[in-house]
Amino acid sequence: MADDKEREGPDITVAEFHKKIKDAFEVFDHEANNTVDVREIGTIIRSLGCCPSEGELHDLIAEVEEEEPTGYIRFEKFLPVMTEVLLERRYRPIPEDILLRAFEVLDPSKRGFLLKEELIKYMTEEGEPFSQEEMEEMLSAAIDPESNSVHYKDYIAMMVIDES
Amino acid sequence: MGSGTSTQHHFAFQNAEKAFKAAALIQRWYRRYMARLEMRRHCTWRIFQSIEYAGQQDQVKLHDFFSYLVDHFTPSSNHERDFLDRMFTEDRFPQDSEMEKFGDYESIEVPDNYTGPRLSFPLLPDHATALVEAFRLKQQLHARYVLNLLHETRKHLIQLPNINRVSTCYSEEITVCGDLHGQLDDLIFIFHKNGLPSPERAYVFNGDFVDRGKDSVEILMVLFAFMLVYPKEFHLNRGNHEDHLVNLRYGFTKEVMHKYKTHGKKILKILKDVFCWLPLATLVDEKVLILHGGVSDMTDLDLLAKLDRHKIVSTMRHKTRKENGKQVKKEEANQKSSAGRPTPWFLPQSRSLPASPLRLGSLQAHRAGRSSSIPCGAPRDAKELARQVRRSVDLELDRCRQQAGFPVSWGEEEASPCTPEADSGAQEPLEPTQEEWRQVVDILWSDPMAQEGCKANTVRGGGCYFGPNVTERLLQKYNLQFLIRSHECKPEGYEFCHSRKVLTIFSASNYYEVGSNRGAYVKLGPALTPYIVQYQANKVTHMLTMRQRISRVEESALRALREKLFAHSSDLLGEFKKHDADKTGLITLSDWAEAVESVLHLGLPWRMLRPQLVNSSTDNTLEYKSWLEDLAKEQLNRENIQSSLLETLYRNRSNLETIFRIIDSDHSGHMGNSFVVSVGVEHDSICWNSCLCLVVAAAYLQVKPELGSPGYAVRAEPSGSPPKHQVSKCVQLKLAGDSSSRESYKYGPNECMS
């Protein structure tokens, strides 16, 4: 394990992580039998501070699934894998400035905004495309109805405040 | 191809790659954002639910406490005795002439300037429709018509069986609605969207029409009106909130008294009876069973169909009492009573127990295949209760005499005069049997669970959790297809479980807060295939983004949670200190989470909630004292009230309110002699109860500060224990309103009265 000044000691950190993971897992353990629906794993992992891509998420799920996938993930399998993820600080969140630059890449003429159609095109055709629901949800918050565009700098600022 | 083109291609490719990566990044970030919102939404839901259920547990606790009071209180005067009688006596079975008196509406004059709806009987469909319209326009129905309608409703309900039988032959479709809880907007929306009741459009409303929302009265009026107009097509089931004791706490009683200042009491009295006459369940085509809560492994539909449902006035628990009076006397005199009975939660020995109905009362609670059932005691009639109070009083006196060495008198008949109500009660046995009572509680309070089996519902304090096998067995036994029930709020307004054999339908949208959940109703055609319709009766929510919707609901939940945290400040401080052995004033955030859960017992994911409750500290530690102070600042101004007092008042305010409302039997909002009693207790429930005793006694008996003497504080103690030493924590009592009594008394193990 990496030597890290911030940690009080590896055991204490691991215990801490275990409790955190357990808390997050239990929120979705509706039947109180230490399993969650595989479709909720992404939410759990992301709420623990990680920011994996969809591809990375699928790899993780493959690690925690049963040999014969049941549609449910057991806590016993999830805990060690997730603990490693947290210890290794994998899938770090994206800093604000990197995010801004990503938007600017999509806006090469540096207008400061993206048109609604442009956003839709990029989000549904490039990268790891959004579903229709995801797209609609993003538009509802991002798009300024008068100009029918998203002023991404303001948008990021608003979302970041909301996070904290 | 020239080099220019290939460069162009190269750049194009690079740009495309960049764009791809940029898009992927944004998506990744966005998905994480949405996941965190989703987590917050789930946590918020959990907060609301746990606080709601904790409140229900309190209700049960409160009731247990009063039951205990009855058994062990030694009133020192007839005045006190009468008070106790009054507190517990439910004048449930007034003679018909008395009921006529209470339903007496003909003498009530409706002023000429009254612009609200007017009813005449027999009701016509137009009347019912006009009523809906009038309420939509925020008019209020005059008390005279309210009473008239209730009177007619009662007459109608009396002839209905316990289990309504409905057929899809007559009306083509049947619409089943769940809890409405006083939310008139939802009812109006349902009628608007689905159509008004008619011979072709049958409705079943599955209980919990009242409490919490602000228009319970209006909902009842509409539902009863349609029931009278379309008796064959319009059906109501009783819910656990159709219960005058539950109403005392959850807002319906308050609403009635507020809207009908002059005649409210009459209205409440007849309502108490009307609720008991509501049918318990509805059966559609002999295939679909509709009831409010659920079932248990002991549910017996034949028994439920036969029992006299009117006897079940309230499903709030009573302790088990032996039927034979002499037996009680002997047992208590032998001072073996405590040994035979499990210890009530508020006594020192049982401090470690969670709020659990399992611990109290019934010795007959054991059923095969079930961890425990709710203990139940058949509620008594007025006369019987009065007799038992006196018996226990006499026994207590006898025991005190014994201890003091005086001769004990046995077998004395009570010499004191009976209260008039007790004497005028009917002679026939008016109580349901234990089994009957339990059957009804089960169907009104139970919840489904995913695991197999059947276990006591400790969260609610009544009924049970029933598993898929219980459902299956019941459906097979009575040849049914599935169950429809309500009783639980669901985010989508409905939820299937037990392999779609159980459908929960909940019709109060935005129940916890604007945007918290949808409402739904279900339609059944002759094929009995459920067809669900969802809605949310608030236009504003549609326009909010998910983020804003969640934020609003979340803010509301967090506010409620912070209130609860504040109310437990002293206990929290104690718990924090345990984690701070070195007295640094700091604890880790992990310790914070553990401490909070051990005090509040809400079962919430505290580590998930922490960022919203504690200002982020970079070094993973928390200065807990200042955190608690910040909590306090958020709450009311402190003025001259000590924060511990405030805190306890806060924690117990709904309980105190309920008690005051019980004491305030004429619902005038005043309590006897202009005494404003503030009570402060620092720690233990035992002291709270002692204080409550004092509050109750002080308010009604107008006793001076000397009341704080151990004599009264003892009354909540287990019998036989020496008085002074039982009070193990600090008790502060302040009596305001009378300048001579502005003193406070302290009790503690090492302190004497100051």
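In segment A:145-164, the residue that is farthest from the other protein chains (Cβ to nearest Cβ) out of those that are small (Gly, Ala, Ser) and assigned to a loop (DSSP other than H, G, I, E, B) is A:147.
Among the criteria (1) over 25 Å from residue B:438 (Cα atoms); (2) assigned to a helix (DSSP H, G or I); (3) touching a His at 6+ places or on another chain (Cβ under 7 Å), the one residue B:276 does not fulfil is (1). Just one of the numbered conditions (1) under 30 Å from residue A:126 (Cα atoms); (2) without any contact (Cβ under 8 Å) to a residue 12 or more places away in the chain is not true of residue A:44: (2). All of B:105, B:170, B:145 fail the test of being assigned to a loop (DSSP other than H, G, I, E, B) and buried (at least 19 other Cβ atoms within 10 Å of the Cβ), apart from B:105. Out of A:142, A:62, one residue alone is of a type in the set (A, V, I, L, M), free of Cβ contacts under 8 Å to residues at least 12 places away in the same chain and either within 23 Å of residue A:35 (Cα to Cα) or within 14 Å of chain B (Cβ to nearest Cβ) (or both). It is A:62. In segment A:110-131, of all residues being part of a loop (DSSP other than H, G, I, E, B), free of Cβ contacts under 8 Å to residues at least 24 places away in the same chain and within 13 Å of another protein chain (Cβ to nearest Cβ), the one that is farthest from the chain's Cα centre (by Cα) corresponds to A:126.
Please verify whether residue A:89 is on the phi > 0 side of the Ramachandran plot and of a type in the set (Lys, Arg), treating the condition exactly as stated. The answer is yes for residue A:89. Of all residues in segment A:81-140, those that are modelled with pLDDT of 90 or more and touching a Cys at 6+ places or on another chain (Cβ under 6 Å) total 1.
Considering only segment B:194-212, I want to know if a residue exists there that is crowded, with 23+ Cβ neighbours inside 10 Å, free of Cβ contacts under 8 Å to residues at least 40 places away in the same chain and assigned to a helix (DSSP H, G or I). Scanning segment B:194-212, I find no residue that is crowded, with 23+ Cβ neighbours inside 10 Å, free of Cβ contacts under 8 Å to residues at least 40 places away in the same chain and assigned to a helix (DSSP H, G or I), so the answer is no. Filtered by the rule that a residue be in contact with a helix residue (DSSP H, G or I) (Cβ under 6 Å, 6 or more places away or on another chain), among the hydroxyl-bearing types (Ser, Thr, Tyr) and closer than 13 Å to residue B:45 by Cα, segment B:502-524 gives B:512, B:516.
Conditions tested, residue by residue: (1) modelled with pLDDT of 85 or more; (2) within 9 Å of chain B (Cβ to nearest Cβ).
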position	(1), (2)
A:14	yes, no
A:23	yes, yes
A:26	yes, yes
A:32	no, yes
A:40	yes, yes
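Checked against the criterion of being in contact (Cβ under 8 Å) with a residue 60 or more places away in the chain, of a type outside the set (A, V, I, L, M), surrounded by fewer than 18 Cβ atoms within 10 Å (Cβ to Cβ) and within 14 Å of chain B (Cβ to nearest Cβ), the candidates A:134, A:96 yield just one match: A:96.
The values are calculated or read from the model by the stated rules, or taken from the named source; none is laboratory data. All values reported here derive from a predicted model rather than from experimental measurement. We place every Cβ from the backbone using ideal geometry, glycine too, and count neighbours over all the protein chains shown.
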